[in-house]
Amino acid sequence: MTQPSECVKMPPSSRPNVAFQVAPQAPSISNKKFNTSTDVLDFRANRRLPGGRGSGAASNGSGGPTDYQQLKRKADTAEAKARASISTKKTAAPKNRPHTAGPTKLRVGRPVKTVLCADLWPIIFQYSESSVLLHMKDVAPLFREILGKKSVWKESRVYNYGDQIPPPLHGLEEWQYADLRHGQGCMSCKKEKTRKTYWAFLRRWCKACLHSKIIGEMDAITMLQDSAGNDLSELLRCIPSATVDSWGNYVKAGEADLQFHRTVYLRSDVGAILAELHSVFGKNGEPWSKDQISEWFNEKENEGREHLKFSEQLENWEKGNRGAKQTSYRDKKDDREVFFTAQAATMTPPLLKPALELCKAYQRAIRIPKGPNMVAWGYLKPKLEQERAAAEEMVRKKTRQPLEEY
């Protein structure tokens with residue numbers, strides 16, 4: 001049996017530039033199965049080493065393992081850097097990604113941060129309620145400047161009310177008109193909860209302030225007598241009047257037409273019309289011409305008629321608006337009654353209407369003038385479950401028969 005031949009050592013001077021031994025570690029063949037008799041013989045002959053050592057250059061027996069370790073370290077370092085850059089690099093979002101977000105969500109704790117152009121606010125205000133404009137004019141200086149224009153208030157009134165209410169009288173600004181319709185607070189004593197507007201006098205007062213400013217018809221006639229004893233009571237037809245009942249409550253604009261009602265005037269209006277008369281016709285002691293007085297009187301009387309017509313239109317609008325709200329509230333209460341009755345019938349066991357009507361929670365729920373929904377039913381249902389036993393027992397005692405047969 002022949003022994004395996006050993007590698008024969010050759011003198012350094014006659015050693016070729018190729019290695020006949022298998023390299024201990026070769027990065028290029030780490031994952032490759034090869035034939036040692038063929039592949040390894042060409043490894044170092046074809047590999048170019050640093051410093052010009054490789055094929056065709058004499059290594060003098062010193063370019064083997066050391067040069068390989070340097071190459072391996074460089075290769076490992078480059079590979080590690082490449083992996084690190086791939087793992088830490090952020091993937092850029094596509095530039096033309098389609099926008100799929102929904103509308104802006106408005107929340108109390110999340111105010112809108114998008115800044116609107118100042119030119120858009122007048123357009124927004126034109127479609128807003130007058131009550132909103134009254135609030136917004138005190139929010140920011142920009143809004144106060146925009147709402148200082150008469151056109152914004154006019155467009156808002158026309159858009160929201162159309163022909164339901166007349167335009168303001170001469171001398172009454174649009175924002176003042178809106179404040180009389182939707183404002184709050186007494187204009188004299190500043191009482192905050194006052195909401196009643198007396199359209200005959202174009203003022204919003206509390207009842208105490210109203211009584212302190214009005215006078216009866218006889219007192220007004222007494223004020224209109226001059227020092228010469230001339231009766232100027234005809235001037236009362238030129239100033240606004242109102243009707244109050246026997247308890248002093250405001251009834252309507254215009255003179256009284258019932259027995260227990262009386263006509264009242266503003267003390268300031270009586271004094272103002274008398275002062276205007278003297279200022280126009282009492283200059284330089286000139287005598288008054290009947291024609292001049294008649295012309296002036298007719299003009300003032302026409303203004304009084306327009307004022308009365310305007311006041312009556314606003315009062316009729318308020319009554320109709322109040323009636324529409326009451327009708328709407330009544331309809332909503334009826335809807336709640338039908339809805340809660342149907343939902344109670346789905347309980348286990350069903351809560352029938354005779355017992356349901358005896359539950360105090362149900363009685364309170366149907367008095368709320370809001371539309372019904374499942375959220376309201378979710379609040380009502382636990383309360384009905386607590387009260388149903390007592391209510392059903394009351395029905396049994398009243399009818400003396402099982403509730404299912406009622």
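The values are calculated or read from the model by the stated rules, or taken from the named source; none is laboratory data. Keep in mind that this is a model prediction, so the values were computed, not measured. Positions of Cβ are backbone-derived with ideal geometry, glycine not excepted, and every protein chain shown enters the neighbour counts.
Summary of values
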item	result
Breaking point among (1) under 21 Å from Arg204 (Cα atoms); (2) under 29 Å from the mean Cα position of the chain (by Cα), for Asp335	(1)
Single residue of region 93-122 satisfying the filter (surrounded by 10 or more Cβ atoms within 10 Å (Cβ to Cβ) and modelled with pLDDT of 70 or more) that is nearest to the chain's Cα centre (by Cα)	Trp121
Unique residue being closer than 30 Å to Tyr198 by Cβ and of a type in the set (Lys, Arg) when the list is Arg336, Arg367, Arg322, Arg388	Arg322
Helices (runs of 4 or more DSSP H) wholly inside region 170-236 containing at least 2 residues that are farther than 27 Å from Glu129 by Cβ	207-213, 217-223
Test: residue in region 123-145 that is of a type outside the set (Phe, Trp, Tyr), over 17 Å from the mean Cα position of the chain (by Cα) and surrounded by 14 or more Cβ atoms within 10 Å (Cβ to Cβ)	no
Members of region 219-255 found to be among the aromatic types (Phe, Trp, Tyr) and crowded, with 17+ Cβ neighbours inside 10 Å, listed by number	Tyr250
Number of positions in region 292-327 that are hydroxyl-bearing (Ser, Thr, Tyr), at pLDDT below 85 and over 31 Å from the mean Cα position of the chain (by Cα)	1
Filter result for Lys90 (more than 30 Å from Gln176 (Cβ to Cβ) and modelled with pLDDT of 60 or more)	no
Region 346-374 residues that are free of Cβ contacts under 8 Å to residues at least 60 places away in the same chain, paired with ones that are part of a loop (DSSP other than H, G, I, E, B) (beta carbon under 6 Å, 6 or more apart)	Pro354/Tyr406
Filter result for Leu232 (at pLDDT 80 or above, more than 48 Å from the chain's Cα centre (by Cα) and either β-branched (Val, Ile, Thr) or within 14 Å of Ala200 (Cβ to Cβ) (or both))	no
Enumeration of residues in region 103-137 that are of a type in the set (Phe, Trp, Tyr) and farther than 20 Å from Arg181 by Cβ	Trp121
